[in-house]
Ligand code: DWN
């Protein structure tokens, strides 16, 4: 049974409060990504309007709708950072660089918001530093605690930052990877960073890049959990409003292209930050001229991908999907393939097996079964891990199987990499 999820629609910018917001694209009543369902279960399938907007005043790209966070980050929220070895390596490497930068300091206190299953905090703890995770999702928090990572099962807010500071003292380092874009009250979140940090402390935050999203046509990363679509141009005034300064930004590959930001109470912008902001200014990211070609590319990509799947089906091929990613929900919603065009979806995450993707209802099967099942082609929904997934499925390719990879541009992979 399809149910409209409780949600609010905003009229003023989530960051600067200006209005009205300019609508860029309406995706319609879209399923809630990552809210997997139980096949044949009685749970309602939630949908909500999904509308991408833009603030003419501070140029922040954002969703018009805020779905109730307890619905989005529900008790069975199935995302675990540790599922992808490449992602674990990325966060471990990042942690090690930060640990090295604290090598002369003692009693370093590290707090991470959206700490998930503790993947990022574990190296700090192993290096002898005090750590504290913050995450609202029950299953990843249980996994973090099982690994000995102290974790508060709450959303990070200014109020909780005050509670942490009163209980543990100020933090030397605050980490927040892939969470800032999920926060409805982003001013409260940033105010929390300002409350929590020592005077010489710093925050290291990874956020998906709006420019990478547009350049790679990664429209499927637009879903209800992602309330903000971030540019450096829009981020700088957000931090300065709370007495913080954006001092550095570095492009990183994760989640289709992100920034690793460095924020502190004091400091001058690095040369690469200035270069990146100049690039954004050159691209006129605050204007419709920047978005209009992207909106057209979405339609073209969907038409081409839909035609490719239909063509394979017309050849009698048995087609499935691969990677029950949150982004896959938006992609399948926009493709609107005929029922039965895809048989099911493969995924290596043990927490997802046996459930079904929202919207499409595709049942999730363990990834290793791909090479045993009668499937001729798979549509890769987790395209951000294409290299890793193609490498893990060499046998399927060697046996004549093929991958359709829709983003950033539709391509067929019919043989394993040399
Ligand atoms: O904001 C979010 C972003 C940062 O990460 C969260 N809402 C959830 C998540 O988005 P996502 O679900 O699109 O995440 P991924 O990591 O892009 O999804 C990948 C899916 O593919 C996972 O369910 C795991 C699966 N997978 C697989 O089956 N084989 C992943 C790899 C690397 C693999 O080899």
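Every residue in segment 201-244 that is more than 16 Å from the ligand (Cβ to nearest atom) and more than 20 Å from residue 15 (Cα to Cα), please. Once the filter is applied, which keeps residues that are more than 16 Å from the ligand (Cβ to nearest atom) and more than 20 Å from residue 15 (Cα to Cα), segment 201-244 yields 201, 202, 214, 215.
Give the residues of segment 291-329 that are within 16 Å of the ligand (Cβ to nearest atom) and either part of a helix (DSSP H, G or I) or exposed (fewer than 13 other Cβ atoms within 10 Å of the Cβ) (or both), sorted by residue number.
326, 327, 328, 329
Being surrounded by 19 or more Cβ atoms within 10 Å (Cβ to Cβ) and either under 25 Å from residue 253 (Cβ atoms) or without any contact (Cβ under 8 Å) to a residue 24 or more places away in the chain (or both) is the filter here; which residues of segment 394-409 pass it? Within segment 394-409, 396, 403, 404, 405, 406, 407 meet the criteria. Pairs are defined by a Cβ separation below 7 Å, a sequence spacing of at least 6 or placement on different chains, a first member in segment 224-242 that is closer than 23 Å to residue 327 by Cα, and a second member that is assigned to a loop (DSSP other than H, G, I, E, B) and away from the ligand (no atom under 16 Å from the Cβ); the pairs so defined are 227/14; 228/14; 228/60; 231/59; 231/285. Just give me the residues in segment 373-393 being farther than 18 Å from residue 360 by Cβ, within 13 Å of the ligand (Cβ to nearest atom) and surrounded by 14 or more Cβ atoms within 10 Å (Cβ to Cβ), in sequence order. The answer is 384, 385, 386, 388, 389, 390, 392, 393.
Within the set 354, 359, the sole residue that is within 25 Å of the chain's Cα centre (by Cα), more than 13 Å from the ligand (Cβ to nearest atom), under 25 Å from residue 208 (Cα atoms) and in a loop (DSSP other than H, G, I, E, B) turns out to be 359. Please work out which residue is farthest from the ligand (Cβ to nearest atom), limiting yourself to segment 83-94 and to residues that are in contact (Cβ under 8 Å) with a residue 12 or more places away in the chain and out of contact with any strand residue (DSSP E or B) (no Cβ under 8 Å at 6 or more places or on another chain). Of everything passing the filter in segment 83-94, 92 is farthest from the ligand (Cβ to nearest atom).
Only one of the listed residues (98, 52, 24) is part of a helix (DSSP H, G or I), touching a residue at least 40 places away in the same chain (Cβ under 8 Å) and away from the ligand (no atom under 15 Å from the Cβ). That residue is 98.
Just so you know, all these numbers are worked out from the coordinates, no wet-lab data involved. In this text the structure is predicted, and so the values were computed from the model without any measurement. Neighbour counts run over all protein chains shown; Cβ positions are idealised from the backbone, glycine included.
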